[in-house]
Structures are given as structure tokens and as C-alpha cells.
1. In region 24-36, which residues are surrounded by fewer than 17 Cβ atoms within 10 Å (Cβ to Cβ) and either more than 12 Å from the chain's Cα centre (by Cα) or over 27 Å from residue 65 (Cα atoms) (or both)?
2. If we only count helices (runs of 4 or more DSSP H) wholly inside region 1-112, which ones have 3 or more residues that are within 18 Å of residue 147 (Cβ to Cβ) and touching a strand residue (DSSP E or B) at 6+ places or on another chain (Cβ under 8 Å)?
3. Taking region 157-167 only, how many residues are out of contact with any strand residue (DSSP E or B) (no Cβ under 6 Å at 6 or more places or on another chain) and either buried (at least 17 other Cβ atoms within 10 Å of the Cβ) or touching a residue at least 12 places away in the same chain (Cβ under 8 Å) (or both)?
4. So if I check each of 63, 39, which one is under 20 Å from residue 133 (Cα atoms) and over 14 Å from the mean Cα position of the chain (by Cα)?
5. Going by what's in this entry, would residue 56 be described as within 23 Å of residue 21 (Cβ to Cβ), crowded, with 20+ Cβ neighbours inside 10 Å and modelled with pLDDT under 95?
6. Residue check: is residue 148 surrounded by fewer than 21 Cβ atoms within 10 Å (Cβ to Cβ) and either touching a strand residue (DSSP E or B) at 6+ places or on another chain (Cβ under 7 Å) or assigned to a strand (DSSP E or B) (or both)?
7. Regarding residue 153, is this residue in contact with a strand residue (DSSP E or B) (Cβ under 7 Å, 6 or more places away or on another chain) and modelled with pLDDT of 95 or more?
8. May I ask you to verify whether residue 71 is closer than 14 Å to residue 29 by Cβ and at pLDDT 95 or above?
């Protein structure tokens, strides 16, 4: 199924990319429940290569651990869909990238983890539970902000609502630089 982004979401994303380009901010994504849709949305806009650095799709716990440095204890104690994992994913995306570059640009990352459904929900974490974490790195320091959402609707609707919230989180972190 082809994913069509709404005109409103595309405009919001264009505004984000324009802002980041003006401020020389680079974006890194770390995604689970969206399966790369945040990176796809960002890169659907021509010229995004001047802002989008890279993206990680870490659907499995193993990928979260090996690619982003999420601690196995955190996954065991809190589950993959948690504030703690989202924050470690966002920080890990920045740290994994920072080890490979001496670039002095400020970086912003966004991490999403959740249950898009229709299966996988529990009483404690129903379908629609999503954690989004944004982190910024400038001059070697990292600050992180994490949000909890409980979105309603089908899988496509939950993922779309997650995209909108993720773009908002990226913009919020970028504006703090």
C-alpha cells in the first residue's frame, strides 16, 4: 500500500526542513512502530538531503540494542514501548552517529516506539500507545524530551498521528538550539 502524506503534514514537514536548513541543524530518526515512515516523510521533500542525516529502523529489541545502544535491562524492565526505551533510542541515535563524525553541526533526533495494532496491545499498553522522544546534541551535550500518546483508530491512523507528533517534537527540539 502506498503511503500518501496529507498536504497539511507535508507543509508542516517543509516548514521544519526549512527551519533546520536555516539553522544548519541535522536530523536523525530512530523508529520502531512507524517502520521508517518518519524518514520517508522527511525525505519525500526535495532538498531534504541538506538536513536529513540518517535514519534507523529498529523494529526488534535486538536492533534497538545493537544499533542504538538501548540497554537490555531497560527493555526487560520497562518493555520496548516505554518512555525509557524511547529516550535511549533518541540518545543512542545521536551517540551512534557522533562516533562516526567530527561534524560540528547541531543534531536533533526523534525516536518513536509504540503499538500501532491491530494486535499487540495489553491492558497496561493498549493499541495506540506511543512514546516519542526528541533529543538535541550541541557541543557534545544531549538533552531529551519524551512524550506519551494514546492515539485512536486503525493502524494507519495511529501511525499518521505518530508522524504528526514526531514532526512537532523535532521542531520543538530544533527551536531549542
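1. Looking only at region 24-36, we keep the residues that are surrounded by fewer than 17 Cβ atoms within 10 Å (Cβ to Cβ), and these are 24, 35-36.
Matches in region 24-36: 24 only.
2. On the way: elements: 7-23, 37-43, 61-68, 72-78, 83-98.
In region 1-112, 83-98 are the helices (runs of 4 or more DSSP H) which contain 3 or more residues that are within 18 Å of residue 147 (Cβ to Cβ) and touching a strand residue (DSSP E or B) at 6+ places or on another chain (Cβ under 8 Å).
3. Of the residues in region 157-167, the ones out of contact with any strand residue (DSSP E or B) (no Cβ under 6 Å at 6 or more places or on another chain) are 157-161, 163-164, 167.
Then keep just the ones that are either buried (at least 17 other Cβ atoms within 10 Å of the Cβ) or touching a residue at least 12 places away in the same chain (Cβ under 8 Å) (or both); that gives 158-161, 163-164, 167.
So the count comes out to 7.
4. On the way: 39 fails: over 14 Å from the mean Cα position of the chain (by Cα).
That would be 63, the only listed residue that is under 20 Å from residue 133 (Cα atoms) and over 14 Å from the mean Cα position of the chain (by Cα).
5. Details: within 23 Å of residue 21 (Cβ to Cβ): yes; crowded, with 20+ Cβ neighbours inside 10 Å: yes; modelled with pLDDT under 95: no.
No: the conditions fail for residue 56.
6. Values: surrounded by fewer than 21 Cβ atoms within 10 Å (Cβ to Cβ): yes; either touching a strand residue (DSSP E or B) at 6+ places or on another chain (Cβ under 7 Å) or assigned to a strand (DSSP E or B) (or both): yes.
Here the answer is yes, as residue 148 does meet what is asked.
7. Details: in contact with a strand residue (DSSP E or B) (Cβ under 7 Å, 6 or more places away or on another chain): no; modelled with pLDDT of 95 or more: yes.
So residue 153 does not fit the description; no.
8. Values: closer than 14 Å to residue 29 by Cβ: no; at pLDDT 95 or above: yes.
When the stated conditions are applied, residue 71 does not pass them.
The values are calculated or read from the model by the stated rules, or taken from the named source; none is laboratory data. As the structure is a prediction and not an experimental result, all values here were calculated from the model. Please note: Cβ atoms are built from the backbone with ideal geometry, for glycine as well, and neighbour counts cover all protein chains shown.
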